[in-house]
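S.K.: Structure below; questions to follow.
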Amino acid sequence: MNSARAMSKVWAQQSAFNRIVTFSTKATQHAAAAVSSAGAEPPGEEKTSATAPAAAQPPTPTPTPVRKPIVPSNYRFIYPEFLPDPKVEWRNPIREKLERLDMLDRRRQIDLPEFYVGSIMAVTSSDPHAAGKTSRFVGICINRDRCGLRARFVLRNVIDHQGMEVVYELYDPTIQKVEVLRLEKRLDDNLFYLRDALPEFSTFDENMEAEHLEEGAPVPVNDIKVILRPRPWLERWERQNLRGVANIDQYIKDKHRKSAEKVQKPWEKYDLMKQYRSTIPEEEQKEVFAEVHTELHSLELQRKRNKRKRTFVKPKQLA
Amino acid sequence: MNQADVTKLMSQLRIAVRPNQRNLKNPDGAEGRLLKLRKTVTALMKHERIELYYNRADEARGYAELLISNAIRHGDRHRATMELADYWLLEKQLVHKLFKVLVPRYENYNVSYTRMYKAPRDYPGMYYRQSVLELRGNPYPSLFMDQSQNRNLLHNVLLDEARKEYRRSKLADLVK
């Protein structure tokens, strides 16, 4: 206990970056709890409360076991935008919390289903330039980025032999409906290489029916390898270690291969601090999801109920 | 970086982490930096207390902490953690030490696994700040002086007075 107290003082002195030391108070609290439960010297405050005259006051309420919600471990994949930006300069706990509340408010209004990069989606949104009209865009999600209320995704499709991409903000109030037509993942984190692939790999039927995925089944990974068209390309794909591309080798020369080798950074997988700075630590993730879990879970249940209703109605119409 | 990387899950560090890294100037770039820090982390795991320049110690500290916390989190049956240990510990007998000595030692810790002190720098000498980096629970004597017996501390003054008073009262009893 003493060492923990001393350490917290040392931290306070040493830490020039006060805002990142979110754990400083908690660690000592945990330490205190652990020590007192172990039966070692309890902190002073508890002692005084224990020796206080019990006759005058009702006995202190016994600590009821607080049941914490069990947050599924895959929430960080389903709702990555609820996690704050790991960049320390941009952190602001109050803003993050308010944003989470706003996101939940929006989710109560509109069903924003689970989707991943590689899923095929349809987004219906109202057009700011045509009052009272909506547009529906079907496409494959090729990227997901940003967090909080600014979370967005990119849909891509080929329409009339012309590649089209639309960037949607997930919590944009002009979005009226988001459907996931085929829920699946791809081999890569983003699919920008579809811009340089043959058009059939990013062509999807506008009138596509939503495909049904069994409840509780893992999200399938589509290991399709796309075929690129010849150079020139928009990016140097040969440098990006893409797993979802079949024929890069066909178009690159030795000089490209050499330069690609030169820019590789094989040591980055050992750079623990770099990874740490780009992630949100587990304890913090738990805190965030514990805050939003009940609401998200009830929304999920609601969606399931609605789905069942719809599936029940269908055979009626056929008969 | 606009969205947190969710593929990896790491435990929270109990030390203050800078928002960005120090580059620790070296001609070999980012890789050279890691090679340099590798030596420091190895030395720390081996000797448990080392004295070195502050910047390098502060950088190496995070890597040592994460190495230990990953070892605790995944254990020695996890291939990726083993690769990490293999990379960071240049002397391979230290891999055994990490999993067999340090993991049991730190399993139930609520505080950081390492400790860092500012050390005086010799004058005249290099300008750089010096520091001491150590693993907690090491076998060496503490670097802090034990001040509990200091005569001038308030509780010692009070204890002394109480003792004196007790003796005085005893003497008074004897006299009666």
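The values are calculated or read from the model by the stated rules, or taken from the named source; none is laboratory data. This is a predicted model, so every value here is computed, not measured. Quick reminder, even Gly has a Cβ in these numbers, built from the backbone with ideal geometry, and neighbours come from all protein chains shown.
S.K.: How many residues are part of a loop (DSSP other than H, G, I, E, B) and touching a helix residue (DSSP H, G or I) at 6+ places or on another chain (Cβ under 8 Å) if we restrict to the stretch A:225-239?
M.R.: Initially, the stretch A:225-239 is screened for residues part of a loop (DSSP other than H, G, I, E, B), giving A:225, A:227, A:229-236.
After this cut, where a residue has to be touching a helix residue (DSSP H, G or I) at 6+ places or on another chain (Cβ under 8 Å) as well, the list is A:227, A:229, A:233-236.
Number satisfying all stated conditions: 6.
S.K.: Given the stretch B:64-176, what helices (runs of 4 or more DSSP H) lie entirely inside it while holding 3 or more residues that are outside the structural domain of B:VAL41 (by TED's automatic domain parsing)? Walk me through how you get there before you give the answer.
M.R.: Details: elements: B:79-88, B:93-97, B:103-106, B:154-175.
Ranges flagged: B:154-175.
S.K.: Mind listing whichever residues of the stretch A:195-211 are outside any loop (DSSP other than H, G, I, E, B) and polar (S, T, N, Q)?
M.R.: Passing the criteria: only A:SER202.
S.K.: Only one residue in B:ASN26, B:ASN70 is closer than 17 Å to A:LYS274 by Cβ and more than 12 Å from chain A (Cβ to nearest Cβ). Which one?
M.R.: Values: B:ASN70 fails: more than 12 Å from chain A (Cβ to nearest Cβ).
After applying the criteria, what remains is B:ASN26.
S.K.: Residue check, B:ARG79 against (1) within 17 Å of A:LEU272 (Cβ to Cβ); (2) in contact (Cβ under 8 Å) with a residue 24 or more places away in the chain; (3) among the basic types (Lys, Arg), all met but one. Which one?
M.R.: All conditions pass for B:ARG79, except number (2).
S.K.: Moving on. Quick test of your reading of the structure: B:THR7 fulfils all but one of (1) within 14 Å of another protein chain (Cβ to nearest Cβ); (2) touching a strand residue (DSSP E or B) at 6+ places or on another chain (Cβ under 9 Å); (3) of a type in the set (Ser, Thr, Tyr). Name the failing condition by number.
M.R.: (2)
S.K.: Picking from B:LEU44, B:LEU34, which residue would you name as being of a type outside the set (Phe, Trp, Tyr), surrounded by 19 or more Cβ atoms within 10 Å (Cβ to Cβ), more than 10 Å from every other protein chain (Cβ to nearest Cβ) and within 30 Å of B:LYS100 (Cα to Cα)?
M.R.: Details: B:LEU34 fails: more than 10 Å from every other protein chain (Cβ to nearest Cβ).
None of the others qualify; the one that does is B:LEU44.
S.K.: Out of curiosity, is A:MET208 among the aliphatic types (A, V, I, L, M) and within 14 Å of chain B (Cβ to nearest Cβ)?
M.R.: On the way: among the aliphatic types (A, V, I, L, M): yes; within 14 Å of chain B (Cβ to nearest Cβ): no.
Answer is no for this residue.
S.K.: Any chance the stretch A:77-100 includes a residue that's away from chain B (no Cβ under 14 Å), on the phi < 0 side of the Ramachandran plot and acidic (Asp, Glu)?
M.R.: no
S.K.: Specify the residue that is modelled with the lowest pLDDT; the eligible residues are those in the stretch A:295-319 that are over 17 Å from A:TYR79 (Cβ atoms) and among the hydrophobic types (A, V, I, L, M, F, W, C). Working first, answer last.
M.R.: Keep residues of the stretch A:295-319 that are over 17 Å from A:TYR79 (Cβ atoms), which gives A:305-319.
Filter again for among the hydrophobic types (A, V, I, L, M, F, W, C), leaving A:312-313, A:318-319.
Values: A:PHE312: 60, A:VAL313: 58, A:LEU318: 57, A:ALA319: 54.
The selected residue is A:ALA319.
Quick grid of which residues meet (1) surrounded by fewer than 16 Cβ atoms within 10 Å (Cβ to Cβ); (2) closer than 23 Å to A:PRO281 by Cβ; (3) of a type in the set (Lys, Arg):
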residue	(1), (2), (3)
B:ASN70	no, yes, no
B:ARG73	yes, yes, yes
B:ASP76	yes, yes, no
B:ALA85	no, yes, no
B:LYS92	yes, no, yes
B:HIS96	yes, no, no
B:PHE99	no, yes, no
B:GLU107	yes, yes, no
B:SER112	no, yes, no
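S.K.: Now, a different point. Closer than 21 Å to B:TYR63 by Cα and either away from chain A (no Cβ under 14 Å) or out of contact with any Gly (no Cβ under 6 Å at 6 or more places or on another chain) (or both) - does that describe any residue in the stretch B:138-156? Before the answer, list the steps.
M.R.: From the stretch B:138-156, those closer than 21 Å to B:TYR63 by Cα are B:138; that's our starting set.
Keeping just the survivors that are either away from chain A (no Cβ under 14 Å) or out of contact with any Gly (no Cβ under 6 Å at 6 or more places or on another chain) (or both) gives B:138.
Yes, the stretch B:138-156 has at least one match.
S.K.: Next question. Among the numbered criteria (1) facing chain A (nearest Cβ under 10 Å); (2) free of Cβ contacts under 8 Å to residues at least 60 places away in the same chain, which single criterion is violated by B:GLU107?
M.R.: Condition not satisfied by B:GLU107: (1).
S.K.: Under 6 Å between Cβ atoms, at least 6 apart or on separate chains: pull out the pairs that start in the stretch B:135-157 with a residue that is closer than 30 Å to B:LEU94 by Cβ and end on any residue that is among the charged types (D, E, K, R).
M.R.: B:LEU135/B:GLU48; B:ARG136/B:ARG115; B:GLY137/B:ARG105; B:ASN138/B:GLU48; B:ASN138/B:ARG49; B:TYR140/B:ARG49
S.K.: On to the next question. May I ask you to list the residues in the stretch B:111-134 that are within 14 Å of chain A (Cβ to nearest Cβ) and without any contact (Cβ under 8 Å) to a residue 40 or more places away in the chain?
M.R.: B:ARG115, B:TYR117
S.K.: Among the residues of the stretch A:222-279, how many are surrounded by 12 or more Cβ atoms within 10 Å (Cβ to Cβ) and within 14 Å of another protein chain (Cβ to nearest Cβ)?
M.R.: Of the residues in the stretch A:222-279, 13 are surrounded by 12 or more Cβ atoms within 10 Å (Cβ to Cβ) and within 14 Å of another protein chain (Cβ to nearest Cβ).
S.K.: Which is more than 13 Å from every other protein chain (Cβ to nearest Cβ), free of Cβ contacts under 8 Å to residues at least 60 places away in the same chain, closer than 30 Å to B:GLU31 by Cα and out of contact with any helix residue (DSSP H, G or I) (no Cβ under 7 Å at 6 or more places or on another chain), of B:VAL95, B:VAL175, B:VAL101?
M.R.: Values: B:VAL95 fails: out of contact with any helix residue (DSSP H, G or I) (no Cβ under 7 Å at 6 or more places or on another chain); B:VAL175 fails: closer than 30 Å to B:GLU31 by Cα.
Going through B:VAL95, B:VAL175, B:VAL101 in turn, the sole match is B:VAL101.
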